[in-house]
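The values are calculated or read from the model by the stated rules, or taken from the named source; none is laboratory data. Everything quoted here is computed from the prediction, not taken from an experiment. Virtual Cβ from ideal backbone geometry, glycine too; neighbours counted across all protein chains shown. With ligands, DNA and RNA removed, areas are computed over all heavy atoms of the protein, side chains included. Shrake-Rupley method; radii C 1.70, N 1.55, O 1.52, S 1.80 Å.
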Amino acid sequence: MKNFKKILILAIIFIFISIFASFNVSAQEETEPPERIKLIENTFTQYTWRLVTRTGVPVCTVVINHEGFPTGQETLAACNESWLALFPTPTVVVTGTPTPQPTSTPIVINQLWEDTYWVFVSSEEVTQVTQITIPDIIVNINAPGIPVNAPYVVIKAIEPYSEYKITRIAGTVNDEPFECFSDQCIVPLLQDSQIRFWAESSFGDQTEVITAIVRIFISNDYYNVRITSIDQLLGFTDSCREIWRETAYGGSPDWVVFPESPDMLATFDKLHYLAGKLILNRFVDASSCPNGGLFANGAPNACGLEVVEEAMFAWQNRFDPIIWATGRESGVPPIFIKSIIKQESQFWPENARYLYEEYGFTQINELGADVALRWNEDLKNQICSGLLFNCDESFVNMNAFEQAMLRGGLIRSIDAYCPACENMINLDIAEQSIAITGQVIKGNCSQTNYIVSDLELKATVTDMWKFTILSYHAGYYCLRNSLEIVKEKGLEPTWANVSANLVCPDARDYVDSVWENLTSFQLYYAPQPTLSPEQLQPTDQSGLVQFPPTVTPTLTPTPKTYLASGKINVYLYIDTNMDFVMDENELINNANILVEFANGSSITVPVQNGEAIIEYENQFKDSDVTITVLEIYQSTKVRIPESGELFTILRIPPPELPGLLP
């Protein structure tokens, strides 16, 4: 009996400990990471003016955020109702035979100025606080794209917001832990592996745990590494294509893709306006150059352009993570967002054209702000949160004054020009403005859809994109009136016909220039690191190769004016078991490979044991090479690399057989 009591007491203690431990674990698991939000403070001077008639009667009060008198648009927005109340339209008392009543006379702004004058009331410093959502941490795993001496994978994490940094990448390889205190590291492998990994940020949060399955096989004395599955979903949907589902037909342009990583958005364009701004605002010291590296008009001279080149490449790519995250969130292709920024401001986020009052990366004015707020309720609510009036109504139901206040609030939220800031730029506002740019573009997709649908037209997806660019640049009436002319003439609603009948002909070059940027955009594939087996000894932590933190790629583009000689190694197999791995029994023999170079030359070589080797001489680096399997007419395009030696694998899926034969 005593033994039974002892066993019972031990059992109760064990159950209690188990319950406590379970509670402790679950409590840790339920700990929510901090919400990725940031409060942005924007301080500006607010001026109050009172409009008074010549007889001394106050008409209305106008509040503005710039020096000088209120503009005509600001005055009409604030004073329209007050002016009509002060001078109401007369009504006629009906006696006997009714006579027509007078119609309301619209306000003539020039007459308004003659009958009134301005009285300055006050000025005060106002701080607008805007809550913005910081994009999530981006983390990717990549296998080397070519056969290597020793198997490994590269894990890289990106913190989109420049104020914070990646502090750690950690995980397990087949349950063996690893960690790197950097934003990227190489993880060596011994065998086929299940890799679980995550990244941590100085913001205080981490990504979800991602699981990848990696397979390794040996071919021709080299290791081939393939990631066969990964549970990470990028979750991109082309929102404009969705908006146009009833008005557009046909396929999307080739640039409507979502890159696997922000790194693939990297460009290396020589942007003279950006170069001049970097020198002028002291981001780069060009004092060793004649005239400080600049001409009198602010453009860089030859010496200045050479000194600023590295910073120029870095600057045009420093916002790529936010552009990438904005594309995923808004459903607007990141290549489109970056191309618009390049066209409008060359990545310099200030008001570059004061005459037209256009602000930020994409030179948004009040017209663009109105389009975005009219079509995007979430954006309207975001801007409203920093203003001091009720925003329950939709934008179209607000009065003119409230709409003007919202347009001004949106423009303030993207205006990164800051004379009091270091280097004259508020980078917090610059970065958050990119998310608003995505919403503005999406709003123009909706506006384009409305116009085309209202005119009972249908257009190709390609033409709808061009119409959207026109809407973005020249506004509602330019697009609508031009389409109306095309319809009246009985022409098809194509860009060729619209551009030939534009009511705003100056917009044609803008659309064509943006389209050229889009169609010529090449996704950037960073060179893979090649390491020797000695550098990749997979013995717990000693095998990790940890990179120093990186911010943006600064590699210069491969010059196309130099020649390379080398060889192309083509591996060819039929993936019979559909596992995306080149097994030995799947290698192809007795096939022929046609290789066509950019200069017009070509060569045909046989495939033996799944491999064809093509030697070449004096071909332009970075030029296109088309590789075709002649027997099945399957082709792929590659580029001549800097090293001259190229590896590519052609996977041929098994033929699809009909489920039911006739």
Subset of segment 478-500 (residues that are over 15 Å from Thr462 (Cα atoms) and under 32 Å from the mean Cα position of the chain (by Cα)): Cys478, Leu479, Arg480, Asn481, Ser482, Leu483, Ala500
Cβ pairs under 7 Å, 6+ apart, first in segment 424-450 and free of Cβ contacts under 8 Å to residues at least 12 places away in the same chain, second part of a helix (DSSP H, G or I): none
Residue in segment 448-465 that is within 22 Å of the chain's Cα centre (by Cα) and closer than 18 Å to Ile341 by Cβ present: yes
Scan of segment 219-261 for residues that are in a strand (DSSP E or B) and either modelled with pLDDT under 85 or not hydrophobic (A, V, I, L, M, F, W, C) (or both), ordered by number: Ser219, Tyr222, Tyr223, Asn224, Arg226, Thr228, Ser229, Ile230, Tyr249
Strands (runs of 3 or more DSSP E) within segment 598-652 that include 2 or more residues farther than 23 Å from Asn577 by Cβ and open to solvent by 40 Å² or more (accessible area, probe 1.4 Å): 602-607, 611-620, 634-639
Subset of segment 491-510 that is among the hydrophobic types (A, V, I, L, M, F, W, C) and either in a loop (DSSP other than H, G, I, E, B) or in contact with a His (Cβ under 7 Å, 6 or more places away or on another chain) (or both) - its residue that is surrounded by the most Cβ atoms within 10 Å (Cβ to Cβ): Ala507
Any hit, segment 336-346, residues being in contact (Cβ under 8 Å) with a residue 40 or more places away in the chain, open to solvent by 20 Å² or more (accessible area, probe 1.4 Å) and touching a Pro at 6+ places or on another chain (Cβ under 6 Å): no
Residues of segment 266-322 satisfying the condition of being closer than 25 Å to Ile340 by Cα and over 30 Å from the mean Cα position of the chain (by Cα): Asn297
Qualifying residue in segment 378-396 (condition: over 30 Å from Thr61 (Cβ atoms), open to solvent by 10 Å² or more (accessible area, probe 1.4 Å), in a loop (DSSP other than H, G, I, E, B) and modelled with pLDDT under 80): no
Subset of segment 135-175 that is under 29 Å from Thr648 (Cβ atoms) and open to solvent by 50 Å² or more (accessible area, probe 1.4 Å) - its residue that is nearest to the chain's Cα centre (by Cα): Asn142
Output for segment 273-283, where each listed residue is open to solvent by less than 20 Å² (accessible area, probe 1.4 Å) and among the aliphatic types (A, V, I, L, M): Leu274, Ala275, Leu278, Ile279
Meets criteria (among the hydroxyl-bearing types (Ser, Thr, Tyr), at negative phi, modelled with pLDDT of 85 or more and open to solvent by less than 30 Å² (accessible area, probe 1.4 Å)) for Ser446: yes
Scope segment 242-255; condition open to solvent by 30 Å² or more (accessible area, probe 1.4 Å) and hydrophobic (A, V, I, L, M, F, W, C); matching residues: Ile243
Hits in segment 179-211 (condition: under 22 Å from Asn149 (Cα atoms) and in a strand (DSSP E or B)): Gln184, Cys185, Ile186, Val187, Pro188, Ser193, Gln194, Ile195
Segment 286-322, residues that are open to solvent by 40 Å² or more (accessible area, probe 1.4 Å) and assigned to a helix (DSSP H, G or I): Pro290, Asn291, Ala302, Cys303, Glu306, Val307, Glu309, Glu310
